[in-house]
Structures are given as structure tokens and as C-alpha cells.
Amino acid sequence: MSIHFPKVGHKEPKAIGLMGGTFDPIHIGHLVTAEEARQQFNLDCVIFIPAGNPPHKNSSKLTDREHRYLMTLLAVANNPYFTLSRIELDKEEPSYTIDTVREFYQKFQGKAKIYFITGADAVLDIITWKDYRELLSMCSFIAATRPGYSLTKLKVLLGPAFSEIIPRIHLLEIPAMAISSTYLRRKVAAGKTIKYLTPASVEQYIYKNRLYHQE
Ligand code: ATP
Ligand code: MG
């Protein structure tokens, strides 16, 4: 696995953020979250990891992976701290977060701290993820709170698992981030603009390739 770290150069990174997602399409919610996480947690870089065939989503409904890869590339291109990885895209079989994180963990031999950046909604599911205990031993989580998600809610929903996983979860408040890819797809399908919801380059890419349009 080769990863280019634009800002890190030749020095060993000390802390990296991984941001997994289907990015169908990538939007400012993802980008603001990644940038906030980078600043607040002193990350050397954030690596976006578009999913190939995610185990939790019906992959037949996903936009072609190369489109999702290129939109993510366009979105991260002008941030020197952002990069992206094809680690999941280049696999035919579904990727589990544990497998992806393990590869990064082995690459950095435990020398760089790994943060997995995710929406707080996903944190609720962690205990259902494959080998989540091993996962929590290799990385901690930065959980972006979307409106309506709080630590109290997390506590109620997680029950006994709360005390086990909470030391590995850092909550990150992202103001007014109710934006989702679903919202963007619906807007495009309805013939409405998605200006400012995603970088202009991604917006143009969507129109050029007629993604999400209702035939
Ligand atoms: P969809 O509507 O298709 O589910 P999505 O907007 O949730 O798309 P994903 O690619 O599924 O985007 O999400 C990737 C990661 O980004 C997940 O961890 C998700 O929780 C997080 N995320 C998505 N939208 C936001 C947002 N607005 N603010 C913070 N995190 C977000
Ligand atoms: Mg989602």
C-alpha cells in the first residue's frame, strides 16, 4: 500500500485520520468534519477511503466506484493535508473497517496514532462491527455529532457497551451538519441545485456525468 502524504513529506506521521465512506457523493459535511478533526486532534493528514462494496449498504444501488473515487479526488485535491486511498476500492469483496484499519496499523507499526473519523450515528453501530474490540485496540474514533446525537443518547443506546467503548471515542461537534449524500442525490434528482453543498468541481462532475439524474 503506498500513500502519498502531501504535507508530511519524508517525516514519519505521528497521527493520521482515516475517513471511510461511500462518498456518493462527497459533500461539505465530510470535508468540514475531516478538517475540524485534523485541526483539533493535530492530525498530520486525513486519508479519505471510499468504500468498494460496503457490507452494510446495498452495493447495487451505489454509483460506480470510479465515479465516487474521482469525486472524492476532486474534493480533496486543494487541501494539502487531505489525501485518498484505493485500499477498499481495489478489493472485490466487501471491506470491513477492521481489515482496512489493520492494514494502516501494520503499515505504521503502531508508531502513528490512528483516528477513525465517523459520524456519531455510526458509533452506535460499532458494537455490531466485525471484531470491534480489536478495532478499538488499534484506533480511536472521532465521532462527528450530527444534530440530535449526544453523549447521553449514546449512553442510553449503547447500554452496557458504553463504558467499554467510550474511552476510545472523541466527540467532535460539527455545527449544522445535517447534510447527507442522500440529500444531495435527492436534490439532483429533483432538478435542484447542489451549489455550496459540495465543492464546485464535484458539482460540475455530477452534471457532466449525469449522476443522480432521474431519467
Ligand atoms: P448517505 O446519505 O448515502 O448515507 P452520508 O452523507 O451518510 O451518505 P457516507 O459516505 O455514508 O455519507 O458517510 C461517510 C462518513 O461520514 C460516515 O461516518 C458518516 O457518519 C459521516 N458523515 C456523513 N455526513 C456527515 C455530516 N454531515 N457531518 C459529519 N459526518 C458525516
Ligand atoms: Mg450514511
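The values are calculated or read from the model by the stated rules, or taken from the named source; none is laboratory data. None of the values given here were measured: they were computed from a predicted structure. Here the Cβ positions follow ideal geometry from the backbone for every residue, glycine too, while neighbour counts run over all protein chains shown. These area figures cover heavy atoms from the full protein model, side chains too; ligands, DNA and RNA do not enter into them. Shrake-Rupley method; radii C 1.70, N 1.55, O 1.52, S 1.80 Å.
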* Asked: Along the charge dipole of segment 127-215, Cβ charges K/R +1 and D/E -1, which of V188, T198, P175 sits furthest on the positive end?
  -> V188
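For the chain, with all protein chains present and a 1.4 Å probe, just round the carbon and sulfur fraction of the accessible area to a whole percent. Please list the in-between numbers first.
Working: 5640 of 10990 Å².
Answer for the chain: carbon and sulfur cover 51 percent of the accessible area.
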* Selected from S85, L136, G119, residue furthest toward positive end of dipole (the chain; charges at beta carbon) -> G119
* Pairing the Cα long axis of helix 97-107 with the longest principal axis of the chain, what angle in degrees results, from 0 to 90 and rounded to the nearest 10? -> 70 degrees
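Just the number please: accessible area per residue for segment 93-151, 1.4 Å probe, all protein chains included, in Å².
Numbers: 2660 Å² over 59 residues.
In whole numbers, segment 93-151 has 45 Å² accessible per residue.
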* Asked: Peptides 34-42, 190-198, 135-143: what's the order by average Cβ count within 10 Å, highest mean first?
  -> 135-143, 34-42, 190-198
* Calculated FRET value between L151 and D99, using beta carbons and R₀ = 25 Å, to 0.05 -> 0.30
* Rounded to whole Hz, the Karplus (6.51, -1.76, 1.60) HN-Hα couplings of segment 184-195, x for glycine and proline -> 5, 4, 5, 4, 4, 4, 8, x, 9, 7, 10, 3
* **Solvent-free Debye scattering, log10 I(q)/I(0), computed from the Cα coordinates of segment 83-215 at q = 0.17, 0.21, 0.22 Å⁻¹** => -1.07, -1.21, -1.24
* Structure fact -> Mean 1/r over distinct Cα pairs of segment 156-215, inverted to a Kirkwood Rh in Å, yields 14.4 Å
* Structure fact -> If N is the residue count of segment 39-119, its Cα Rg over 2.2 N^0.38 Å rounds to 1.15
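Which entries in the list K11/K107; K91/K187; K61/K91 go over 23 Å, if you measure between the two C-alpha atoms of each? Let's see the in-between values first.
On the way: K11/K107 14 Å; K91/K187 31 Å; K61/K91 18 Å.
Going by Cα-Cα distance, K91/K187 fall outside the 23 Å limit.
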